[in-house]
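*Asks:* First the structure, then my questions, so here it is.
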Amino acid sequence: MSRTTAQAGWTAVLLAVLLGPVLLWLPRAEPMGLWRQLSIITGLLALSALICTAALPSRMRSLTRAFGIENVIGIHRYLGVLTAVLIATHLAFVIAADPAKIALLNIFTAPPRAQAATAASLALAALVPLTARRERLGLPYETWRWLHLVLATAVLGFSALHVWWLEHLVLDGVIGPVLVLLGMLLLGVFTMRWVWRSMLDPASEFLVREVRPENPSISTLVLEPRRRAGTAPALQFAPGQFAWLRLERTAAEEHPFTIASGAHQHQSVEFTIRHAGDFTEQIRALQPGSSVWVDGPYGSFTADFVTSSGLVLIAGGVGVTPMMSMMRTLAHRRDRRPHKFIVVAGTPADLLFRSELAEMRRKIDLEVIEVLRRPPAGWEGETGGIDGALLATVLPGDFRRDHLDYFICGPPSLVESALDALDALGVPAERIHTELFGMV
C-alpha cells in the first residue's frame, strides 16, 4: 500500500469515528429543544474526539508510517484541546437547556452519572496544562509520561461511566451498538499496545551480540533476534525508522532510538546511542547474550517513502544514525543518484563513521561535508553551523535543488537553523523531512 493511500485510509477512519455517531443520531433524533439537541451533539463529538485522542499515540505502526510521529502527536494534541473545548461547551448547553442542572456540579450531592462527568472533566483540566507546560514544570520525562497516562486513563474511564450511567445513548438501537463497537476497537488498540507488545510478543526479544564503542560517550548496540518457531528472523524496517528499547520484558521504562543498521542486514539490528543518563549507561554495560526487548519499527523518516533525484542529509550528534541507515541501505542497493551528507560536530573526535563513509563513496555518488563548531588549527573543512551561506555553497542551483529531498536530524537548534536556511533558499516545504519521537 502506498503512503498516499494509507494517509487517505487513516483520514477516512478518523473522520468516521469523529463524525459517525453524530451523523447517525441526527436523522433519528426525536423533537426536542435547541439547547438539548446541541448538548447531545457536543457530547457525542466530545466522546468521539476523546476516543481518537486516546488511540492516536498508541503506536499503530501503519499510522506512524503514513503520517510520521510528529504529525500523529500534533493531531493528538489538537484533538485533546478540541475534546476539552467540546466538553466545556457540552456542559454549557446542558445548563442552558435546564438551568436547574447546575446543581449537578456539586459532586457530593449529584447522581453517579454527574459525579463521573465531573471527575472526567477535572482529570482533563489537569491533563491539558500538564501537556502544554511540560518543559516549564521541569518534570523528568518518565514522571511526566506516567502522570499523563494516569490522568488520561481517568478521563477515559469516568467518561465511559458517565455515558453508561446516563443510559439514553447506550440504550439507543443504533448509537448504543456503535458506541460499544468503538469501545471494543479502542480496547483492542490498548491491548495490542500495552499487553501484546509490552508483555507477550515473542518476536520482540533480541539478544546482545556486542556493545561497540564509537567514542567515549557513544556506543553501538548490536542485537540479533532470539530465534523461536513462528517468529521472523530479524526486524524488518525502512532505513531511518526507529524503535523502542526495554531492558526487561515488562519494564515500565523504555526509550526510543533510531535504527542505525541498513535495512538489508537481516541477521542483526544496530542502534548507535549517546550515553546521557541512567538508561543509556545500563545499555553500555550490557553483556553479550543479555536480552533486550524491541518494539518497532515506527516512523516515516525514511528515503524509501520519497521519489527524488537525490538526497541531502543534514545531521548533528547521534542524529547521524538514521542517515547512516539510509546510506548503508543505498550503498547496498548500489543507488546511482547523487547524494550529499552534511554532518555537524564539535571536534574531529566527534565525527562518527568517517572510515565507513569514505568506503561508501567508492560504491555510491556521495559527497560528505564535515562542519566543525570548534575546529582545530589547520582544519581545512567547513566551520560554524548550518546556515544559508553554507547550503548555498554546497547545494546545486535552484532547479536541481527543488528536485532533491532533504532529511534533517539532530539537536533542536540544528534542525531549526537548517529549516530556516532551506526556507530562505526557497526549497519546497514538502521536500523537507524531520521527525521527533520523544513523546509517544
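*Asks:* Residue under question is G20, and the condition is that it be more than 12 Å from L182 (Cβ to Cβ) and outside the structural domain of W244 (by TED's automatic domain parsing); does it hold?
*Replies:* Working: more than 12 Å from L182 (Cβ to Cβ): no; outside the structural domain of W244 (by TED's automatic domain parsing): yes.
Here the answer is no, as G20 does not meet what is asked.
*Asks:* In this structure, does A303 turn out to be in contact with a strand residue (DSSP E or B) (Cβ under 9 Å, 6 or more places away or on another chain), among the aliphatic types (A, V, I, L, M), at pLDDT below 95 and under 18 Å from E205 (Cα atoms)?
*Replies:* Spelling it out, it is not the case that A303 is in contact with a strand residue (DSSP E or B) (Cβ under 9 Å, 6 or more places away or on another chain), among the aliphatic types (A, V, I, L, M), at pLDDT below 95 and under 18 Å from E205 (Cα atoms).
*Asks:* While we're here: Look at region 202-226 and say how many of its residues are free of Cβ contacts under 8 Å to residues at least 60 places away in the same chain and either under 30 Å from L47 (Cα atoms) or not β-branched (V, I, T) (or both). Steps first, please.
*Replies:* So in region 202-226, the residues free of Cβ contacts under 8 Å to residues at least 60 places away in the same chain come out as 202-203, 212-213, 216-217, 220, 222, 224-225.
Add one more test, that the residue is either under 30 Å from L47 (Cα atoms) or not β-branched (V, I, T) (or both), and what stays is 202-203, 212-213, 216-217, 224-225.
Within region 202-226, residues that are free of Cβ contacts under 8 Å to residues at least 60 places away in the same chain and either under 30 Å from L47 (Cα atoms) or not β-branched (V, I, T) (or both) number 8.
*Asks:* Right, V155: β-branched (V, I, T) and surrounded by fewer than 17 Cβ atoms within 10 Å (Cβ to Cβ) or not?
*Replies:* No: the conditions fail for V155.
*Asks:* Restricting attention to region 43-64, does a residue exist that is modelled with pLDDT under 95, basic (K, R) and in contact with a strand residue (DSSP E or B) (Cβ under 8 Å, 6 or more places away or on another chain)?
*Replies:* So far as region 43-64 goes, yes, one or more of its residues are modelled with pLDDT under 95, basic (K, R) and in contact with a strand residue (DSSP E or B) (Cβ under 8 Å, 6 or more places away or on another chain).
*Asks:* Still on this structure: Can you name the residue in region 308-335 that is charged (D, E, K, R) and modelled with pLDDT under 95 and, of all such residues, is surrounded by the most Cβ atoms within 10 Å (Cβ to Cβ)?
*Replies:* Per the criteria, the residue is D335.
*Asks:* Based on this model, can you work out whether R28 counts as charged (D, E, K, R) and at pLDDT 90 or above?
*Replies:* no
*Asks:* For region 106-118: of the residues being out of contact with any His (no Cβ under 7 Å at 6 or more places or on another chain) and surrounded by 15 or more Cβ atoms within 10 Å (Cβ to Cβ), which is farthest from A46 (Cα to Cα)?
*Replies:* Among residues in region 106-118 that are out of contact with any His (no Cβ under 7 Å at 6 or more places or on another chain) and surrounded by 15 or more Cβ atoms within 10 Å (Cβ to Cβ), the one farthest from A46 (Cα to Cα) is A110.
*Asks:* Moving to a separate point now. Of the residues R77, R65, which is under 10 Å from the mean Cα position of the chain (by Cα) and not acidic (D, E)?
*Replies:* Going through R77, R65 in turn, just one is under 10 Å from the mean Cα position of the chain (by Cα) and not acidic (D, E): R65.
Rundown of residues vs (1) surrounded by 14 or more Cβ atoms within 10 Å (Cβ to Cβ); (2) among the aliphatic types (A, V, I, L, M); (3) within 30 Å of S58 (Cβ to Cβ); (4) in the same structural domain as T64 (by TED's automatic domain parsing), yes/no style:
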position: P376; (1), (2), (3), (4): no, no, no, no
position: G381; (1), (2), (3), (4): no, no, no, no
position: G385; (1), (2), (3), (4): yes, no, no, no
position: G388; (1), (2), (3), (4): yes, no, no, no
position: L391; (1), (2), (3), (4): yes, yes, no, no
position: P396; (1), (2), (3), (4): yes, no, no, no
position: G410; (1), (2), (3), (4): yes, no, yes, no
position: A429; (1), (2), (3), (4): no, yes, yes, no
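The values are calculated or read from the model by the stated rules, or taken from the named source; none is laboratory data. None of the values given here were measured: they were computed from a predicted structure. Neighbour counts run over all protein chains shown; Cβ positions are idealised from the backbone, glycine included.
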